[in-house]
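One structure is given here, and the rest of the page talks about it.
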Amino acid sequence: MIGGLFVYNHKGEVLISRVYRDDIGRNAVDAFRVNVIHARQQVRSPVTNIARTSFFHIKRANIWMAAVTKQNVNAAMVFEFMLKVIDVMQSYFGKISEENIKNNFVLIYELLDEILDFGYPQNTDTGVLKTFITQQGIKSQTKEEQAQITSQVTGQIGWRREGIKYRRNELFLDVLEYVNLLMSPQGQVLSAHVAGKVVMKSYLSGMPECKFGINDKIVMEAKGKGMTTEDPARSGKPVVVIDDCQFHQCVKLSKFETEHSISFIPPDGEFELMRYRTTKDISLPFRVIPLVREVGRTKMEVKVVLKSNFKQSLLGQKIEVKIPTPLNTSGVQLICLKGKAKYKASENAIVWKCVFACFPQMKQLLKVIKFSESSAWQD
Amino acid sequence: MLEGLRIFVLTISAHSVLCILIALIGRPTTRTRNFPQGKHLSVGFLVSDKGEIFELKSELNNDKKEKKKEAVKKVIASMTVGKDVSALFPDVVNCMQTDNLELKKLVYLYLMNYAKSQPDMAIMAVNTFVKDCEDPNPLIRALAVRTMGCIRVDKITEYLCEPLRKCLKDEDPYVRKTAAVCVAKLYDINSSMVEDQGFLDQLKDLLSDSNPMVVANAVAALSEINESSSSGSPLVEMTPQTVNKLLTALNECTEWGQVFILDSLANYSPRDEREAQSTCERITPRLAHANAAVVLSAVKVLMKFMEMLPSDSEFVTSLTKKLAPPLVTLLSSEPEVQYVALRNINLIVQKRPDILKHEMKVFFVKYNDPIYVKLEKLDIMIRLASQANVAQVLSELKEYATEVDVDFVRKAVRAIGRCAIKVEQSAERCVSTLLDLIQTKVNYVVQEAIVVIKDIFRKYPNKYESIISTLCENLDTLDEPEARASMIWIIGEYAERIDNADELLESFLEGFADENSQVQLQLLTAIVKLFLKRPSDTQELVQQVLSLATQDSDNPDLRDRGFIYWRLLSTDPAAAKEVVLAEKPLISEETDLLEPTLLDELICHISSLASVYHKPPSAFVEGRAGIRKSLPASARAGSEGVESTESQAAPAVIPAQDSLIGDLLSMDIGGPTVAPVAAAPAAPFGSAAMDLLGGGLDTLLGETSSSPAPPSALAASSAALLGDIFGAPAASATYVAPKTTWLPAEKGKGLDISGSFVRRNGQLFMDLTFSNKAMQPMLGFAIQFNKNSFGITPASPLQVQSPLPPGVAADASLPLATTGPVQKMEPLTTLQVAVKNNVDVMYFACQIPMHALFVEDGQMDKRVFLATWKEIPAQNEVQYTITNVMHSADSNFTDTVVSRMQQNNVFTIAKRNVEGQDMLYQSLKLTNGIWVLNELKIQPGNPNITLSLKSRTPNVAEGVFQAYDNILHG
């Protein structure tokens, strides 16, 4: 299991160091710094083995987080756990930054003590943690309160505490969809899928058992997929076929498997209820048509045309197109017909933002860009 | 070349589409709770010096609670950045008695860090711990038992037992779940205490606890204890009842708890098909969990249990279908998780290619994937390539070959070649794609392409030779050994079709001495091939290369190959033709598949580090050998399955000796009549080959079991050497201790040294392996010994490959002399060594196995032996029993012992049979002239041998016994 957890700033200085196991020594802190953070070449893997010690790392903003172990641990769990730690920290004190970590190091140690015991992850639900790790001291609790906390930390419904009361019971639901598309230079669609998630904000009293159905039909079809060759569109109703879906831990998975119903007792506040992925019938909101022309050895011209594909009644807001540029780009000339475009050297990309709210259908935008490169590309 | 960098649409679209309000009206008030973070610590990261420690001390003893707390915070901050604040131990511990939970936690944190260095002081804390374990607040009880388990001081551990026992039965589940983990902690400190005090049973009881989290932690603790148990066998066996309980808890516990439970279920073997199937059914819903670790652990269990089910059953087919979507979904998670998932998918597609065969497209690389994800995706793409999708794959790979990252491009080019070999229909397109890439003239692309084209030629001989002229155009740009060697191979192989082959090869020959040995070998072979095909005009060339290889090179491989060719060509050119131009076996389709037994083992480790490294855990986990996991045999396979699991256990890396020898004879030499060494019977080949396997030509010189005379002179001339090799009788085996790690990399600043002592040709050697585990090359190696009992000193300077590049291991053999200064060491055989390199001077100590010190002239005259035996006083006699000697049941066991010892310079003076027992009298002499006389009592059929030793310096006895043990067991 996890032997230790370290947090470094971008210079490799230790901000947090917590060792859980005897087989991890102080030198592990330095080993990671020397071999990964200060390594001359780019790191080629998030898992590094240095002298029979394995280091898992993730980097967010300027902060490195490393988990260390000498055992054959569950690697997926370690990464999921580290991502969770970042989540927890964010919900306690906001952005992950050196400043914030330094200011809250006592809190972080307290959290790390609670959520990782001897390298085994414990309850990491922020809602629950916030009930008893408050940095205020909890001496004033009554016995009942204490019992409630412990039963909630360990309980079957660890994500919700009892006795929540709202005068107005409300539930908000957001569906966010990410359309992912891979297109060949010839404009041929190689693969496309939609990764969606349902985010719920619940303000409900008591321990409400909720049922959720997007369209019961959908889920049924998804389950039947592969076993029957029945055409999902045959019923006449618009049906979406979902390839796969994943649920928040509050959803009773066994019930979903048998009865195909999504039933759950929601946590209080905002949470991600489900994620799904679909590859069928994807209508692309946009089409991007890039035209690239090389002008001599050190220059090239890129033309990007953006076409919208959706109904006029909808709005396209905050549209951003990123055009990656070669690492040795020395200068860029931009001609932009709509919106604003900017060359960001730090990201090696040109970022083109369309600031207008309305995005009329099939309207073309044209843009010509010129690079001049300091040296011949690939020389 | 921006066309190469494709543009992908990345739409962060569809802002909140739906917004359903239940019991609506108006917007909800934004509810954010404020979490006061205590006072911000502004001085936390200041440097602490003497003055500050003093200051902290006074603050810690301040009466005001707030001041105290701030002071402790400062102490912890200093501790974090690695400063030594252990001097404050008593002051910090004094703050422990508080009802402020936050302060208590900080003090505990400090305690965990420093208790080990101050065990006596740590005792002061015991009382508070014990008291806290009785506290009415369950959070405090749990905190106390959690912390106590982390304090690894023996005296504290004694006090831990009672509170732990109580906490395991605590009414509060929070305390119980903490106590469960604490048992694992205690086991790590003192395993016998856990077993003696009955904690294992208590832990087992927790498996049926009503609280799911308690169950999960108990499972985690038990799994760890089982895995680390010294006996190697699990201390707690899983029964179908416990499995059932675990499956019930699985539905209710936290995501991490589910991982613990699933991981432990993976170690369970269902009794029959039905149980396997019903368990699978109950685990399948986990595939829809949002946590990737839960999904992968569930996949692991399913993959393992599926082995038990008949592969054609409907259940397996539907399960296979259910596995694909969750695996694909893992690819939309964070890149680090994706990486783990991809490494595992790589294993899964090797084991069950059906699962993902239609999902090729999801593995197409995105431009913004991190490089480690790109490389893994590429690997999987090739595994999934088939006739149906090869066109798509090829067009993708062609794109990748114009990317920026050099490693990725190389891999993409290589992948094109692998496609060609795997899917015959695509070979032509692959070749033309490769030709296109060669036209780009990008140096590393060209080189990589040539390497793979060589493989394509081998797979489809006489099909694509028309492209050779294009390849030859790029000769000058090749600067990597592998590419050069491949090009030379192509020229040699098709020498008859390349008009100027001789000129081309000659041009390589000019810088022969500077070439990499790989290129040298290939050049030698290619020119010999050319000569055999066009003997008329290439005689001069072949002469030239043979003399370069045999006379001017000190690479033994090159020299030997040169000699073999030379003799072949001079004795029987026809035979040479048969040998050198023999038809080659076709290369197989999948070249980089994991070995099946390893693959099966790794399938049992899905999601773990082993599956990420693609190595068995023993390769990177220290210490415990552990039990190697293997897939369960299908229930229907019956006894067959049992056999296969047995064979899985044996490492299959080294081919059996017989088969190897057979291969050598049949392949390279093509029958004994052709071979120039045909005069020699086959048996000597056997012995030589065996010895090569055994680790060197060590003791072939003049040692025969029939004549116990000590070797008179060391043969020096190569002729005599050869004679000896061929003249040597059956296998001889000097015991050579396996190399042990003397200096682990963490102590050697990245330098890892392992080694052993060996005696070769009457000379003592120290065989060392230097591995550079650091990031920089190492150079300037030197070695020195401290004074030691036997006056051992290096006979020549240390010669190691220098500089030693990172990640490379180099062997060195250091001849030793025994003429150095003598100083008695304790134990006698200790040798203290200092190794220097450009980084630092490293010190370590190692043990010289005594048998390496037995000299060749250790045979005593019979009468002298008798006299000496009587002369040495009886109190100098030491007895020892060698237990469990192998082959003791053999009828000629005694002879085996005699010859074995003989090979290690222990000489048998006389042999008697007394009352059915064999008595052996043996003598040996150490490098410093000490004689040791032994009497061995061997009873037929008894695996134990009694050894009586007499010597004027009886303190060598220990080492001699050890040597006997090693030799007779080795």
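The values are calculated or read from the model by the stated rules, or taken from the named source; none is laboratory data. Computed from a predicted structure; not experimentally measured. Glycine also receives a Cβ, built like all others from the backbone with ideal geometry; neighbour counts cover every protein chain displayed.
Summary table
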read-out: Region A:4-18 - residue that is out of contact with any Asp or Glu (no Cβ under 6 Å at 6 or more places or on another chain) and assigned to a loop (DSSP other than H, G, I, E, B) and, of those, farthest from the other protein chains (Cβ to nearest Cβ); value: A:10
read-out: Of all residues in region B:330-340 being facing chain A (nearest Cβ under 7 Å) and at pLDDT 90 or above, the one that is surrounded by the fewest Cβ atoms within 10 Å (Cβ to Cβ); value: B:334
read-out: Criterion: surrounded by fewer than 15 Cβ atoms within 10 Å (Cβ to Cβ), among the polar types (S, T, N, Q) and farther than 22 Å from residue B:883 by Cβ - qualifying residue of B:944, B:913; value: B:913
read-out: Residue match in region B:314-332 (condition: closer than 20 Å to residue A:83 by Cα and hydroxyl-bearing (Ser, Thr, Tyr)); value: yes
read-out: Test: residue in region B:444-460 that is buried (at least 18 other Cβ atoms within 10 Å of the Cβ), of a type outside the set (A, V, I, L, M), in contact with a helix residue (DSSP H, G or I) (Cβ under 7 Å, 6 or more places away or on another chain) and under 19 Å from residue A:184 (Cα atoms); value: no
read-out: Qualifying position, being under 23 Å from residue A:21 (Cβ atoms), away from every other protein chain (no Cβ under 11 Å) and in contact with a helix residue (DSSP H, G or I) (Cβ under 9 Å, 6 or more places away or on another chain), among B:145, B:107, B:130; value: B:107
read-out: Test set (1) assigned to a loop (DSSP other than H, G, I, E, B); (2) closer than 26 Å to residue A:276 by Cβ - residue B:309 fails condition number; value: (2)
read-out: Pairs where the first residue, in region A:98-122, is within 7 Å of chain B (Cβ to nearest Cβ) and on the phi > 0 side of the Ramachandran plot and the second is aromatic (Phe, Trp, Tyr) and part of a helix (DSSP H, G or I), C-beta under 7 Å, 6+ apart; value: none
read-out: Every pair of residues 6+ apart whose Cβ atoms lie under 9 Å, when the first sits in region B:597-623 and is at the interface with another protein chain (Cβ under 9 Å from one of its Cβ atoms) while the second is of a type in the set (Ser, Thr, Tyr) and in a loop (DSSP other than H, G, I, E, B); value: B:612/A:45
read-out: Test for residue A:83: is it assigned to a helix (DSSP H, G or I), at pLDDT 90 or above, more than 30 Å from residue A:347 (Cβ to Cβ) and not assigned by TED's automatic domain parsing to the domain that holds residue A:269; value: no
read-out: Residue in region A:44-56 that is within 9 Å of another protein chain (Cβ to nearest Cβ) and within 23 Å of residue B:254 (Cα to Cα) present; value: yes
read-out: Answer residue from region B:751-765, given it is out of contact with any helix residue (DSSP H, G or I) (no Cβ under 9 Å at 6 or more places or on another chain) and without any contact (Cβ under 8 Å) to a residue 60 or more places away in the chain and is surrounded by the most Cβ atoms within 10 Å (Cβ to Cβ) among those; value: B:752
read-out: Considering residues of region B:802-846 that are free of Cβ contacts under 8 Å to residues at least 12 places away in the same chain and in contact with a strand residue (DSSP E or B) (Cβ under 7 Å, 6 or more places away or on another chain) only, the residue surrounded by the most Cβ atoms within 10 Å (Cβ to Cβ); value: B:843
read-out: Conditions (1) farther than 28 Å from residue B:736 by Cβ; (2) surrounded by fewer than 13 Cβ atoms within 10 Å (Cβ to Cβ); (3) polar (S, T, N, Q); (4) in contact with a Pro (Cβ under 8 Å, 6 or more places away or on another chain); number of the one not met by residue B:883; value: (1)
read-out: Matching residues, region B:371-390, being within 12 Å of another protein chain (Cβ to nearest Cβ) and farther than 17 Å from residue B:347 by Cβ; value: B:371, B:374, B:389
read-out: Residues (small (Gly, Ala, Ser) and not in a loop (DSSP other than H, G, I, E, B)) located in region B:591-608; value: B:608
read-out: Options A:113, A:22; residue that is charged (D, E, K, R), assigned to a loop (DSSP other than H, G, I, E, B) and within 30 Å of residue B:142 (Cα to Cα); value: A:22
read-out: Yes/no for residue B:396 being of a type outside the set (A, V, I, L, M, F, W, C) and more than 9 Å from every other protein chain (Cβ to nearest Cβ); value: no
read-out: One residue from B:513, B:575, B:495 being touching a Gly at 6+ places or on another chain (Cβ under 8 Å) and more than 30 Å from residue B:337 (Cβ to Cβ); value: B:575
read-out: Odd one out for residue B:99, checked against (1) part of a loop (DSSP other than H, G, I, E, B); (2) under 27 Å from residue A:28 (Cα atoms); value: (2)
read-out: Condition broken by residue B:273, with the remaining ones in (1) under 30 Å from the mean Cα position of the chain (by Cα); (2) in contact (Cβ under 8 Å) with a residue 40 or more places away in the chain satisfied; value: (1)
read-out: Residue that is nearest to the other protein chains (Cβ to nearest Cβ), among those in region B:341-355 that are touching a Lys or Arg at 6+ places or on another chain (Cβ under 8 Å) and in a helix (DSSP H, G or I); value: B:342
read-out: Qualifying position, being modelled with pLDDT under 90, hydrophobic (A, V, I, L, M, F, W, C) and outside any strand (DSSP E or B), among A:76, A:31, A:39; value: A:39
read-out: Segments classed as strands (runs of 3 or more DSSP E), wholly inside region B:796-913, with at least 1 members that are within 30 Å of residue B:777 (Cβ to Cβ) and of a type in the set (Phe, Trp, Tyr); value: B:841-847
read-out: All positions within region B:718-766 that are among the hydroxyl-bearing types (Ser, Thr, Tyr), under 26 Å from the mean Cα position of the chain (by Cα) and either outside any loop (DSSP other than H, G, I, E, B) or modelled with pLDDT of 75 or more (or both); value: B:740, B:741, B:754, B:756
read-out: Any chance residue A:68 is more than 7 Å from chain B (Cβ to nearest Cβ), surrounded by 23 or more Cβ atoms within 10 Å (Cβ to Cβ) and in a helix (DSSP H, G or I); value: no
